[in-house]
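Colleague: Sharing a structure below in structure tokens format, with a few things to ask.
The values are calculated or read from the model by the stated rules, or taken from the named source; none is laboratory data. The model shown is predicted, which means the values in this text are computed figures rather than measured ones. Cβ: placed from backbone, ideal geometry, glycine included. Neighbour counts: every protein chain shown. Ligands, DNA and RNA are stripped out before the accessible areas are found, and what is left, the full protein with its side chains, is counted by its heavy atoms. Shrake-Rupley method; radii C 1.70, N 1.55, O 1.52, S 1.80 Å.
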Amino acid sequence: MVVANAAWVRAVLPLCLLGVLESEERSYGYALLNRLDAAGLGKVKAATLYPALARLEEEGAVEVEWGAGEGGPGRKYYRITAHGRARLGEEAAAWGEFTSAVGALLGPDADTGTAEPKAGKRTGRHGGGKA
């Protein structure tokens, strides 16, 4: 599995969180971390997750409620709001356009990870010797 670029993950984290919360009635931090990891974003740190959730709450995209924990202290549950759904729709459309543009620049084989360097170009330290 490819390790996700940390800067990319931070940039798309709010969109991903809204997507997860749209697919579930509600969720809590640890479960969200597991969903992000299972989706291929890697081990997102709690120190990255919780500020993103707090910003989404401040913007009105998610609401918070406290619920009973499973055999322990209460949990803070997050639920997407109507504003969050609207934002998700807008940003998902923009994301689709953005990834299409980037994909077009990277070439037809970019999404499979099999893109070959263009002829005559050296790549990396082992990109060919002297001619």
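Colleague: Output yes when any residue across region 63-71 is acidic (Asp, Glu) and within 18 Å of the chain's Cα centre (by Cα), and no when none is. Give the derivation first.
Modeller: So the first thing to find is which residues in region 63-71 are acidic (Asp, Glu), and the list is 63, 65, 70.
Going one step further and asking which of them are within 18 Å of the chain's Cα centre (by Cα), we end up with none.
No, region 63-71 has no match at all.
Colleague: If I go through region 1-33 residue by residue, how many of them are touching a helix residue (DSSP H, G or I) at 6+ places or on another chain (Cβ under 8 Å) and open to solvent by less than 50 Å² (accessible area, probe 1.4 Å)?
Modeller: Qualifying residue count for the region: 16.
Colleague: Separate question: Please pick out the residue among Gly42, Gly19 that is at pLDDT below 95 and of a type in the set (Gly, Ala, Ser).
Modeller: After applying the criteria, what remains is Gly42.
Colleague: Now for a different question. Among the residues of region 36-63, count how many are surrounded by fewer than 14 Cβ atoms within 10 Å (Cβ to Cβ) and of a type in the set (A, V, I, L, M, F, W, C).
Modeller: Adding up the residues that qualify gives 5.
Colleague: So in region 90-131, with the set limited to residues that are loosely packed, with under 10 Cβ neighbours inside 10 Å and on the phi > 0 side of the Ramachandran plot, which one is modelled with the highest pLDDT?
Modeller: My answer is Gly113.
Colleague: Among (1) modelled with pLDDT of 95 or more; (2) open to solvent by less than 70 Å² (accessible area, probe 1.4 Å); (3) within 19 Å of Tyr28 (Cα to Cα); (4) not small (Gly, Ala, Ser), which single condition is Arg87 missing?
Modeller: (3)
Colleague: Consider Leu49 carefully, then state whether it is in contact with a strand residue (DSSP E or B) (Cβ under 8 Å, 6 or more places away or on another chain), free of Cβ contacts under 8 Å to residues at least 60 places away in the same chain, of a type outside the set (D, E, K, R) and part of a helix (DSSP H, G or I).
Modeller: No, not satisfied.
Colleague: Can you pull out the residues in region 64-74 that are open to solvent by 40 Å² or more (accessible area, probe 1.4 Å), in a loop (DSSP other than H, G, I, E, B) and not acidic (Asp, Glu)?
Modeller: Residues satisfying the conditions are Ala68, Gly71, Gly72, Pro73, Gly74.
Colleague: Can you tell me which of (1) over 22 Å from Ala7 (Cα atoms); (2) open to solvent by 40 Å² or more (accessible area, probe 1.4 Å); (3) of a type outside the set (Lys, Arg) is the one Ile80 doesn't meet?
Modeller: Among (1) over 22 Å from Ala7 (Cα atoms); (2) open to solvent by 40 Å² or more (accessible area, probe 1.4 Å); (3) of a type outside the set (Lys, Arg), the lone unmet condition for Ile80 is (2).
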